Amino acid sequence: MNRRKAIFTGLTSAGALLLSGCLKKAPPTYGSILRMGDDLTYAAQRGLLSQRALAMEYQKSDITSFPVTDIGDPANPASKNAYSKEYEELQRNNFKDWTLSVEGCVAKPGKYSLDALKRIGARTQITRHTCEEGWSAIAEWTGVPLGAVLKDAGILPAAKFVCLYGFDKYAESIDMLDAFHPQTILAHTMNGENLPARNGAPLRLRVETQIGYKNVKYLQRIVVSDKFVDPNGDINSGWSWYTGI
Ligand SMILES: Nc1nc2c(c(=O)[nH]1)N[C@H]1C(S)=C(S)[C@@H](COP(=O)(O)O)O[C@H]1N2
Ligand SMILES: [Mo]
């Protein structure tokens, strides 16, 4: 017990030290003993790395296959219930009628078609996706930088967090540093092809500074918020909000 307490205290103070030494801002989950991991990864990334440091990018020859994830796979009949009728209809029509709604702390809330998003800009990157379940895979992603979309929508100074919602009700939030990170893109293309349904068609988040589950697939809606929101309830169900890698 003493040993555990010592390790525990040591870790807490290491996190606190890193935070006070390197950071002006703590993660929104700071102060929760159960969320100490957030403090450490947040401090390490935000304090020790440059704020614009890029996640590692790979060569085309490094691209691997992607495992099929059952949960949230619209091609898998077993997970059909997770899907809305709305998504099925959009998929049937090859996503021609799909739009992304951008709402909240923006001067021009509205809906973007895929073509409108593509006109805003593009970035291509070959990166490694790391799932919390223990697998990782490398793919080439092309998409529009999230920061450019937020600027286009007239993001307001009060904005602090961006919540991204998928059609299957899956959702995550990220802060402004990650939202405007150059590798944070809304990807519509994977390995040179339209994003396959199972990987989140027609548009998914790629946030390369964080672990797999932050990369919301089947995007439907983005809400910019002036306060911290944990839209999936990750924290209450024991997951980390900040999962820096
Ligand atoms: N909408 C939605 N996004 C999601 C998920 C999901 O179930 N629904 N799963 C997450 C998890 S845990 C991982 S590892 C990746 C898997 O992405 P992939 O299916 O392209 O491999 O998507 C993430 N984004
Ligand atoms: Mo995952």
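Every number here is computed from the coordinates shown, using simple stated rules; none is lab data. These numbers come from a predicted model, not from an experiment. Ideal geometry is used to build each Cβ from the backbone, glycine not excepted, and the neighbour counts take in all protein chains shown.
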Open item on the list: Could you give each residue of the range 225-230 its phi-based ³J(HN,Hα) in whole Hz, using Karplus coefficients 6.51, -1.76, 1.60 with θ = phi - 60°, and x for Gly or Pro?
Closed with: 10, 8, 9, 5, 10, 10
Task: Local electrostatic count, R35, Cβ distance below 13 Å [Lys/Arg +1, Asp/Glu -1] - done: -4
TODO: Evaluate the distance, in nm, between pseudo-label points positioned 7 Å from the Cα of E89 and of C131 along their respective Cα→Cβ axes.
DONE: 3.2 nm
Task: Charge sum, other residues only, whose C-beta stays under 14 Å from Q59's C-beta, Lys/Arg counted +1 and Asp/Glu -1 - done: -1
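Hey, fewest Cβ within 10 Å first, where do M190, M176 land in order?
The order, fewest Cβ neighbours first, is M176, M190.
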Task: Net charge over other residues, Cβ less than 11 angstrom from the Cβ of G121 (K, R count +1; D, E count -1) - done: +3
TODO: Treat the count of other C-beta atoms within 10 Å as a stand-in for reagent exposure and order L156, L34, L100 from fewest to most.
DONE: L34, L156, L100
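For a footprinting-style exposure proxy, rank S136, S237 by other Cβ within 10 Å, fewest first. Don't skip to the answer; put the middle values down first.
Working: S136 14, S237 8.
Lowest to highest Cβ neighbour count: S237, S136.
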Task: Extended-chain gain in nm, criterion 0.36 nm per residue less alpha-carbon gap, A158 and E103 - done: 18.4 nm
TODO: Treat each spin label as a single point 7 Å out from the Cα along the C-beta direction, and report the K60 to K151 distance in nm.
DONE: 2.9 nm
